[in-house]
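Accompanying notes for the structure given below.
Only the coordinates and a few stated rules stand behind these numbers; no lab work does. Note that the coordinates shown come from a computational prediction; the quantities given were computed from them, not determined experimentally. Cβ placement follows ideal geometry from the backbone for every residue including glycine, while neighbour counts extend to all protein chains displayed.
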Amino acid sequence: MTQKNNINGILLLDKPLMLSSNHAIQKIKKHFNISKVGHTGTLDPLATGLLPVCIGNATRISRFLINSDKTYQALIKLGIKTSTGDKEGETIERSSFDVLADSSKIDEVLQSFIGEQKQIPPMYSALKHKGERLYKLAQKGLSVSRKPRSIKIYSIDLISINENYLELIIECSKGTYIRTLAEDIANKLGTVGHIDQLRRLNIKCFDKQSMFSFDEIIKSDRIDQFLLPIDEPLKHMVKVNFSESESSKFTHGLPVITNQVSNNEFDYIRVYSNESVFLGLGLYSNGYIKPKIVFSINN
């Protein structure tokens, strides 16, 4: 492709089935000759849906995207437990269960998962143990102890019941493993289960912005038509506009005196020039905004 690689922004990719997150972004990187690209919130090859792809300077704000709440559509098959927690794994346990016969119990069980809780990550995950990915250890038949992680489930809505399948819409915090949640739900229903289909519908910081299919993107000659501005997912942060002299200080890494913001020192602030150009992120401290992530004024 002829498009220049000096482009910045966020692509909301609708990741297709059976394509890994990394493989997807590498294809996009090569197709558009992009020098710097990364993704946030890895989706398994079996999962589809929203995968934010950060391009150019947008890679520097990726951590803020990872921390955002997420919404999934999950299809759980009850009665079969697999080695991976999804249908790609081998069947390791069977347990009879009639969904319709126990339908009155299902909503009660689902609601019991609402709120803050501890969750043990699955072995088939990208977390590391002594420098090695857990899924690589699992592929060797190994299992290691994993520390429980704090997560929060905001809502679980039952969409449909069909034979031994439950279709759910789940809104949850970062770090939630839907495969583990599916197994836990099945266990509480007195059976076993695994994820048959999984789709990420939304990431809260994007406020339900439209996704673009992989084929639609790859068939295009230009990627900039699909990109959101770098500051799009940061709208929840306090915003300040600087004068020309203040903008110059900020972009050169110097703190700027302010009387506009009395902010928690751990809350980031969006900084713009007087021409509404996004300059970067700062932190408030003792009457100053200190630069933390700075972009070129021409960015």
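Some notes on this structure:
- Cα gyration tensor category, rounded, prolate or oblate, for region 65-203 with a/c compared to 1.5: oblate
- Straight-distance crosslink candidates among aspartates and glutamates, where the alpha carbon sits under 13 Å from Lys140 and sequence neighbours closer than 8 are dropped: Glu132
- The per residue volume of the convex hull around the alpha-carbon atoms of region 45-119 is 145 Å³.
- On the beta carbon distance between Tyr135 and Asn6, with R0 = 30 Å, the FRET formula returns roughly 0.25.
- The distance between label points at Phe266 and Arg94 comes to 5.0 nm (points 7 Å beyond Cα on the Cα→Cβ vector).
- Between Ile66 and Met237, full extension at 0.36 nm per residue minus the direct alpha carbon distance yields a gain of 60.0 nm.
- Taking region 144-299 and dividing mean pair separation by its residue count, relative contact order in percent (alpha carbons under 8 Å, at least six apart): 13 percent
- Derived scalar couplings ³J(HN,Hα) [region 276-282; Karplus, 6.51 cos²θ - 1.76 cosθ + 1.60; whole Hz; x for Gly, Pro]: 6, 7, 6, 9, x, 10, x
- At an R0 of 45 angstrom, the distance between the Cβ atoms of Asp221 and Lys105 translates into a FRET efficiency of 0.25.
- With the simple spin-label model, which puts each label point 7 Å out from Cα in the Cβ direction, the Lys174 to Ser296 separation comes to 2.9 nm.
- Partner lysines for Lys290 [C-alpha distance under 17 Å; skip if fewer than 8 residues away on the same chain]: Lys239, Lys249
- Comparing mean-square fluctuations of Ala138, Ala74, Ala24 from a GNM of the chain with C-alpha springs under 10 Å, the top value falls on Ala138.
- The amide H of Asp196, built 1.01 Å from its N in the peptide plane, has Leu75, Ile76, Lys77 as neighbours under 5 Å, considering only residues 5 or more places off or on other chains.
- Listed by chain and number, the aspartates and glutamates whose C-alpha is less than 17 Å from the C-alpha of Lys174, apart from same-chain residues fewer than 8 away, are Asp44, Asp69, Glu116, Asp207.
- Gain in span if fully extended, Asn286 to Ile159, counting 0.36 nm per residue against the direct Cα distance: 40.7 nm
- Flagged links, alpha-carbon separation over 28 Å, of Lys130/Lys292; Lys29/Lys70; Lys87/Lys152; Lys15/Lys235; Lys81/Lys219: Lys130/Lys292; Lys81/Lys219
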